[in-house]
Each structure stands twice: as C-alpha cells, then as structure tokens.
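Okay, so here's the structure we're looking at.
Readers should treat all values here as calculations from the given coordinates under stated rules, not as data from a laboratory. What you see is a predicted model; the values in this text were computed from it and never measured. A quick note on method: Cβ atoms are made from the backbone with ideal geometry, for glycine too, and the neighbour counts reach across all protein chains shown.
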Amino acid sequence: MRLVVRRTSTSLLLSLVLITIASQSVATAPVLPNPVLYLMGIEAFQTGGKEFIRYKYDVLNKASYPAELFAASPALPPCGKNTKSSRTWVDFFDSRGKRLYGFCALGKSDDLTGIWFALESDVIPPSYVYIEMTDRQTNTKYKSNLADTTP
C-alpha cells in the first residue's frame, strides 16, 4: 500500500513541477476589466467629395489599462506599413460582429478618448456597436458593452 501511495505522490509532484515550468514560459495576460464604451457625440464632415457622419466614443474605464498595452511593438506584425504599431489594437464592430473600423497605433490608454468610426451620411448606422481591444502579445481580447449610436 505504501508503495502505491509513494508512486502516486511522486507522479503528482512531478506533474505539478512540469505544469509550473510550462506556465512560466507562456506570456500571461493581465487581469483587466472589459472596456466600458459610451457615445460622446456625432459630427458631420466631408472628404473626397462625400459627406460622412463620425461617431465619437470614449472608454469610461480607460485608466484601468496599463501603458505597456499601448507601447510600440515592432516585434509583432505591422499594421500596413506601420512597423511600430501598438501592442493592442482596437476595433469597432456592429452588434452582429461586422468590423467597422480600427485603430492600431494608439500610444496610451488616454487615446481611447475620441476613438471613432464613420459612415457615409446616407447610410443608416447600426443601433449598437462595441469594441474589442486585442492584446497581440498575449492574444487576449477585451470586449466592451454594446453602446448606442444615437445621442
């Protein structure tokens, strides 16, 4: 009986040591809250001979996100020609999951004030949108609440 207990204890101890070693080599995501998105306002603008409406948003709890999430990350894949894009990218989606726009070079959490997407003025906006903040270093997504598109 003692031999069986000793073998089981040894196996459990060895498994625990291996799990501990393996978990230390994997980048872990910080435990952070999901973003709280809200509409700041809308504005009309023109570009390229077309009229658009810009939907401007802020993240209420942006101070919860550490600076390293927005550090330039040249070791990660670029954003187009930007080889120093940030570690965390922010994308807007409609309530059905269709991507509307994104930001790949925010430099700090305060830059979450004034994030936006735009639609041509004759396009009916989705009723609600959300953002996903993707930490590309840890492959972690932080998904916001659904936010209105009407003031």
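So if I place +1 on the C-beta of Lys and Arg and -1 on the C-beta of Asp and Glu, and nothing else carries charge, what would the dipole magnitude of the stretch 28-151 be about its Cα centre? I want it in debye, nearest 20.
400
Could you work out the local net charge near Arg99, counting Lys and Arg as +1, Asp and Glu as -1, over the other residues with Cβ closer than 10 Å to its Cβ?
It works out to a net charge of -2.
Where a ≥ b ≥ c are the square roots of the eigenvalues of the C-alpha gyration tensor, would you call the stretch 52-109 rounded, which needs a/c under 1.5, or, failing that, prolate if a/b is larger than b/c, or oblate?
Since a/c reaches 1.5 but b/c is at least a/b, the shape of the stretch 52-109 is classed as oblate.
Hey, which aspartates and glutamates would be in cross-link range of Lys50, C-alpha to C-alpha under 18 Å, not counting anything within fewer than 8 residues on its own chain?
Here the aspartates and glutamates satisfying the reach criterion relative to Lys50 are Glu120, Asp122.
Which far-off residues, 5 or more places away or on another chain, put their amide H under 5 Å from the one on Met40, with H placed in the peptide plane?
Excluding prolines and chain starts, which carry no amide H, the hits are Lys56, Tyr57, Asp58.
Rounded, prolate or oblate: which fits the stretch 82-151, taking a ≥ b ≥ c as square roots of the Cα gyration tensor eigenvalues, rounded meaning a/c under 1.5, else prolate when a/b beats b/c?
Here the stretch 82-151 falls in the prolate category.
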